[in-house]
Amino acid sequence: METVYVVKGMTCGHCAGSVTQELSALPGVENVDVALDTGKVTVKSETALTEDQVREAVDEAGYELVGVA
């Protein structure tokens, strides 16, 4: 399953790394791809993630989940 989210506040490689690390720790996540220029984060996972799971991980990284793209 692949879902694209919009995350606000990411500006550099460190930002992308933090978001990738937190989202990768969620159960079932296989791959995370961050596009800094658009603020879009593509998450590939074995099963569907809830928006709350994603929001909590993004918050933990220090950024804001705007929603699903």
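The values are calculated or read from the model by the stated rules, or taken from the named source; none is laboratory data. Keep in mind that this is a model prediction, so the values were computed, not measured. Because the Cβ atoms are built from the backbone with ideal geometry, glycine has one as well, and the counts that use them run over all protein chains shown. Accessible surface areas use protein heavy atoms only, side chains included; no ligands, DNA or RNA. Shrake-Rupley method; radii C 1.70, N 1.55, O 1.52, S 1.80 Å.
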May I ask you to work out the translational diffusion coefficient for the chain at 25 °C, viscosity 0.890 mPa s, via Stokes-Einstein with Rh from the Kirkwood sum over Cα pairs, reported in whole µm²/s?
215 µm²/s
With the 1.4 Å probe rolled over protein heavy atoms, the chain has an accessible area per residue in Å² of 58 Å²
Quick one: Karplus J couplings for segment 55-68, per residue in order, coefficients 6.51, -1.76, 1.60, θ = phi - 60°, nearest Hz, x for Gly and Pro?
4, 4, 5, 5, 4, 4, 6, x, 10, 10, 7, 7, x, 7
Scan around VAL66 for amide H atoms under 5 Å from its own, H built in the peptide plane at 1.01 Å from N, and keep only partners 5 or more places away or cross-chain.
VAL6, VAL7, LYS8
How large is ³J(HN,Hα) for each residue in segment 34-39, as worked out from phi by the Karplus curve 6.51 cos²θ - 1.76 cosθ + 1.60 (θ = phi - 60°), to whole Hz, x for Gly and Pro?
9, 10, 4, 5, 10, x
Using a 1.4 Å probe over the heavy atoms of the protein chains, calculate the carbon and sulfur portion of the accessible area of the chain as a whole percent.
46 percent
Pairwise FRET efficiency - THR47 versus LYS8, Cβ, R0 = 35 Å, nearest 0.05:
0.85
Return the loop-located GluC sites (Glu not before Pro) in segment 1-66 (DSSP other than H, G, I, E, B) with at most 11 other Cβ atoms within 10 Å of their own Cβ; answer none if there are none.
GLU46
